[in-house]
């Protein structure tokens, strides 16, 4: 069904006016890129150098992929199924918070938090995000095609911004501290992923979304194994 909707959106039909799904092509690219980014993370060597990414990056990319749930909501709305969008909306909000929180955690663990506490931090982070999402007031029916307006409390929109800024700052600080080629590629890759993902989710305008996709793709490409220059070694 998703493929058929996509084809109907991009192939014009004479005499038929179809409602447009916002950012359909960037959304599909974002999903594909997320899977591409997750594949190397699943096969990282079991070394202390890769311990943090090996444990957190697959979860991060799963969360990033789930932030495209609004695409499924659009399809539901276009097919008249608007009875209950609360569950997918809360999953979307959880995915947004949790993906940025994992990005933040990765930098913090590199800066010195004991890696033996990764599981505890991951579970506590998930519980905290879930609590925030459950308590968040939603208004989906009024704006079913605008996920940035699904939550009525503007404070929520500041959380991803704050976490993304702190996460990038962590990697900048990590490179300043160690200044190795390995850290340069690792920090550059994940920082681009963070910034690109945030710009894509902001949906300020079409240009911002596409810039986000390009930065997101660049971060993933930099992270692909390439001998001694790879962040995944």
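General observations
- The set of residues from the range 132-160 being surrounded by 11 or more Cβ atoms within 10 Å (Cβ to Cβ) and in a helix (DSSP H, G or I) comprises 132, 133, 147, 148, 149, 156, 157, 159, 160.
- Scope the range 202-229; condition modelled with pLDDT under 85 and buried (at least 21 other Cβ atoms within 10 Å of the Cβ); matching residues: 223
- Selection of helices (runs of 4 or more DSSP H) fully inside the range 1-117 by the criterion of at least 2 residues being modelled with pLDDT of 85 or more and under 26 Å from residue 138 (Cβ atoms) returns 24-42, 51-66, 86-111.
The values are calculated or read from the model by the stated rules, or taken from the named source; none is laboratory data. Quick caveat: nothing in here was measured; it's all calculated off a predicted structure. All Cβ positions, even for glycine, are placed from backbone atoms using ideal geometry, and neighbour counts span all protein chains on display.
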